[in-house]
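Structure record follows, encoded as structure tokens.
What follows is calculated from the coordinates using simple rules that are stated; it is not laboratory data. From a predicted model like this one, the values you see are computed outputs, not experimental measurements. Note: ideal-geometry Cβ built from the backbone for every residue, glycine included; neighbour counts use all protein chains shown.
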Amino acid sequence: MTDQANAIFNYHQRTKHQLNAYAKGPESLDWEDQPKPFRRFSGCEFIRFPMPGKEIDCLFEALDQPALIAPQPLTLDTLGLLFELSFGLSAWKQFGPDRWALRCNPSSGNLHPTEAYLFSALPSLMAPGVYHYVSHDHLLERRCRFDPGSNLGELYIGLASIHWREAWKYGERAFRYCQHDIGHALGAMSYAAACLGWSIELLSETADSDIAHWLGLDRQDDFIALEHEAPDLWCRLRVSDDCSQSFDPAILTALHDSAEWFGKAEPLSSRHFYHWPIIEEVSVQAQKPRTSAESFQLPTLELPAPCLNIHASRLIRQRRSAQQFNGKAEALALADFQRMLAALLPNAKPPFTAWNWSPQVHLVLFVHRVVDLESGLYFLPRDPNAAQELKKAFSADFLWHPIEAPFEFYQLTVGNIRQAAKTLSCHQPIASDSAFSLGMLTRFVDNIDAAPWQYRRLFWECGLLGQILYLEAEVAGIRGTGIGCFFDDAVHGVLGLTDNHWQSLYHFTVGTPLEDQRLQTLAAYAHLDAACHQ
Ligand SMILES: Cc1cc2nc3c(=O)[nH]c(=O)nc-3n(C[C@H](O)[C@H](O)[C@H](O)COP(=O)(O)O)c2cc1C
């Protein structure tokens, strides 16, 4: 094993929550030092998008067949919708004097480490340059200007993470959550693009150092050291199918060489009291080099129609995490459960059209309340070989009873497993009061041995699946919640896993939500001045 792979295993092992001890984090939360949730660059010109909140004429179920959605023209209005439905605000919540924003993309602890950038070389739309999206004000800050004649006819979107935002609350485990959030953000972008008849192409061959360079993240003087941004993903926006141009990083670098840069990142925190150097270390070890372009041939699966006939844009804006579930609610209809699981299988639809690799994540389900399905532990393989492999790795006591369903699905145990689900997910009742919760089991050692940066990719895949579950839960008329807090090795113990070949990297829960009546919900963008966003 290489030193790099070793460093990653050590990080992973050390940031496991154990039943008798949580991973290292701050002893108390320094609320005065809470990082600001919205990054601003001072000294930049900006472009306001037109007023957000428009409904797009596309039903959620139409996203099952994205090729049939007529592409919308690319304008500032439609591009604004793409950013809004991916990263924009979806509401404000208020409790007493406290007020906080929710966004279309979820984030562990609502801390939102993900920052989004537009790399535009399309003078007909806006002056060529690199722009930073500010979700609070629904505008783009111009970080740099390219030669005004630069015309590649293309738009790229880059994602980066401010690890400090997440580490402030979660300490050493925060690096994992930043990666989950990137997966959610990629999923959110893929769904949003599909609503407009567009798609997101993940240019996964790109090196982190190139992303950092093109977005100006390596301009050290523009950032406070503890609040720098780590590059994550590089995507091309495909507005029509005929942009089949191959991707040439050298052209982007040449554009960048002509750039004039503006602005500095405003500070997010003042004190940075706690330091988590392990995050910087693992971030360096898990850096992605330039690789060859990869793609995965997606099958076309027909999904059963969802039960709600709702606009996709509306559904995306109403997505929320349930804070509590009604443990006495009616059981979930089997058809809804099956649609949700079928939607997690690789398929030529968003968000998988923005994913380039074969599935490395399979699901272990804690089924509590689903009509015509006994309570118990179940297994959903996401590729045809996983069940055979996991039969050897899992506890010999499991039943492996095939369940009749439109996909491969097994019952492993029979009986009430609510207590186990709750205990394993850091004693959180959201894992047991729901209709079902689940653990995402990933092929671990092989991936990290093959390429250490794939550690991050495994979390991205989990986040992508989480984003599907969030939206599919809404369309089934219920709600989901991501669960980053679970006792890693206790989960592996229950499954009978004894080594690092498989690891659970993310949990999720879906059920009938209980609303917290003490919270007030306010409109997402009432604070914007419509006259400025024409
Ligand atoms: C990676 C990730 C991990 C999360 N972990 C938990 C968790 O362990 N417990 C919980 O109650 N919520 C968890 N959440 C839900 C977040 O707290 C929620 O997304 C955030 O507060 C924003 O609210 P929203 O999803 O309604 O927009 C998680 C979300 C994500 C994306």
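Taking a point 7 angstrom from the Cα of Glu302 along the C-beta vector, which residues in region 334-354 have backbone N less than 20 Å away? Answer for this model: 335-350.
Rg then Dmax, both in Å and based on the Cα atoms of the chain: 22.2, 67.
Please compute the net charge surrounding Phe46, taking Lys and Arg as +1 and Asp and Glu as -1 over other residues with Cβ under 12 Å from its Cβ. Working shown, then result.
Numbers: positive: Arg40, Arg48, Arg142, Arg143; negative: Glu45, Asp137, Glu141.
Charge balance in the 12 Å sphere: +1.
If R0 equals 45 Å, the separation of the Cβ atoms of Asp241 and Asn20 corresponds to a calculated FRET efficiency of about 0.25.
Averaging over all projection directions, the Cα-based convex hull of region 334-465 occupies 8.6 nm² in the image plane.
DSSP loop (so not H, G, I, E, B), at most 14 other Cβ within 10 Å: list which trypsin sites (Lys or Arg not before Pro) in region 40-76 pass both filters.
Details: sites: Arg40, Arg48, Lys54; in loops: Arg40, Lys54.
Counting only loop positions with at most 14 other Cβ atoms within 10 Å, the trypsin sites (Lys or Arg not before Pro) in region 40-76 are Lys54.
Between Asp449 and Asp218, full extension at 0.36 nm per residue minus the direct alpha carbon distance yields a gain of 80.4 nm. What is the log10 of I(q)/I(0) for region 33-291, computed with the Debye formula using one identical point scatterer on each Cα and no solvent, at q = 0.10 Å⁻¹? With one equal scatterer per Cα and no solvent, log10 I(q)/I(0) is -0.48. The residue list Thr442, His401, Met1 was ranked by how far each Cα lies along the charge dipole of the chain toward its positive end, using unit charges on Cβ atoms, and His401 comes out on top. Near Ala343, once Lys and Arg are set to +1 and Asp and Glu to -1 for all other residues with Cβ below 14 Å from its Cβ, the sum equals -3.
Using the alpha carbons of region 72-181, what is the convex hull volume per residue in cubic angstrom, as a whole number? Walk me through the numbers before you get to the answer.
Values: hull volume 12.9 nm³, N = 110.
About 117 Å³ per residue, rounded to a whole number.
Note on region 454-534: semi-axes of the ellipsoid equivalent to its C-alpha gyration tensor, largest first and rounded to whole Å, are 36, 18, 12.
What's the exposure ranking of Lys349, Lys391, going from fewest to most Cβ atoms within 10 Å? Spell out each step's value before the answer.
Working: Lys349 21, Lys391 13.
Exposure proxy ranking, most exposed first: Lys391, Lys349.
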